[in-house]
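K.L.:
Structure provided below as structure tokens; questions to follow.
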């Protein structure tokens, strides 16, 4: 009996010591979101960068894990966000919060009272949840399934930018690209397109070709910033996106999530085809884009 009591006491002491000195978080908040992980990831980054008390946010290895530092008075709080996909349209989110400067005090008080730290943490997470709710109401993504990327010969401008600045770069280069082609009587052969050639998912940077399908001819302007290439037909996963083209990359993440759930090996070099001119349609939910994520070719 004495040995049993000693073991129990040792376990209790061990748990208390772990809780007070080793447990990496002071408080944990959980919630369910009715969207896929990539939309949560991008919304969280955007929300954080617009907070006055946000110090920094970065991914921890993949888009499902992010670390965020927020300043509250004399305290620096670390929020570790863990996202888990449940279905194509739902995710679970766990937020582990730690007050770097008052962690020990929090761990002592939390079991016995609803502290200001807990209330502030819940309010912060609730603020993000409201931001996420508003964001996901502004776009729609529908997974079509497997399809073929259409073969097109395009005139394009290579651009290095970020996902957030993608649409701005399109608009900035649109007049030059289209104007130069039209001045040379080049015949168009489809909607504007972007081809992502490199995508750094850790820092959201991309290399992309922004262009317009054309009919190849001797009229093509040479000696300008415009380059030419052929996009060849290839098997891909396809989605349809409706919403502002600034956030059309949400469809990229939806396709990634779909590929993982269906064990499809893909290349993270999406192609987007834009069907609408934003100047002609005020309702952003009517803007349509086709999104293709290439499927890796089998070596068999």
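K.L.:
Roughly how tilted is helix 37-49, in degrees to the nearest 10 and between 0 and 90, from the longest Cα axis of the chain?
P.N.:
Compared with the principal axis, the helix lies near 80 degrees.
K.L.:
Starting from the Cα coordinates of the chain, work out the convex hull volume and express it per residue in Å³.
P.N.:
Spelled out: Cα convex hull of the chain, divided by residues, is 178 Å³.
K.L.:
What do you get for the angle between helix 116-136 and the principal long axis of the chain? Use alpha-carbon atoms, 0 to 90 degrees, nearest ten.
P.N.:
Between the helix axis and the principal axis of the chain, the angle is about 20 degrees.
K.L.:
Taking neighbour counts of Cβ atoms within 10 Å as a proxy for exposure, in what order, fewest first, do 109, 181 appear?
P.N.:
Listing 109, 181 from fewest to most nearby Cβ atoms yields 109, 181.
K.L.:
Now a separate question. I need the per residue convex hull volume for segment 142-294, using only the alpha carbons, in cubic angstrom as a whole number.
P.N.:
In segment 142-294, the Cα hull volume divided by residue count equals 105 Å³.
K.L.:
Based solely on its DSSP helices, what 222 nm [θ] is calculated for the chain when runs of n ≥ 4 H residues each add -39,500 (n - 2.57) and the sum is averaged over all residues, nearest 500 deg cm²/dmol?
P.N.:
-9500 deg cm²/dmol
K.L.:
Another one. Gain in length, residue 162 to residue 116, computed as 0.36 nm per residue apart minus the alpha-carbon separation, to one decimal in nm?
P.N.:
The span from residue 162 to residue 116 would gain 12.8 nm if fully extended.
K.L.:
Let me ask something else. Could you give the angle, 0 to 90 degrees to the nearest 10, between helix 2-17's Cα long axis and the longest principal axis of the Cα atoms of the chain?
P.N.:
The angle comes out at about 50 degrees.
K.L.:
What is the fewest-to-most order of 197, 161 by other Cβ atoms lying within 10 Å of their Cβ?
P.N.:
197, 161
K.L.:
Going by C-beta contacts inside 10 Å, put 218, 169, 82 in order with the fewest on the left.
P.N.:
218, 82, 169
K.L.:
Gain in length, residue 140 to residue 104, computed as 0.36 nm per residue apart minus the alpha-carbon separation, to one decimal in nm? Display every interim value, and only then the final one.
P.N.:
Values: separation 36, 0.36 × 36 = 12.96 nm, distance 4.44 nm.
Stretched out fully, the residue 140 to residue 104 stretch lengthens by 8.5 nm.
No value in this document is a laboratory result; all are computed from the given coordinates. Every value quoted in this text rests on a predicted model; they were computed, and no experiment measured them. We place every Cβ from the backbone using ideal geometry, glycine too, and count neighbours over all the protein chains shown.
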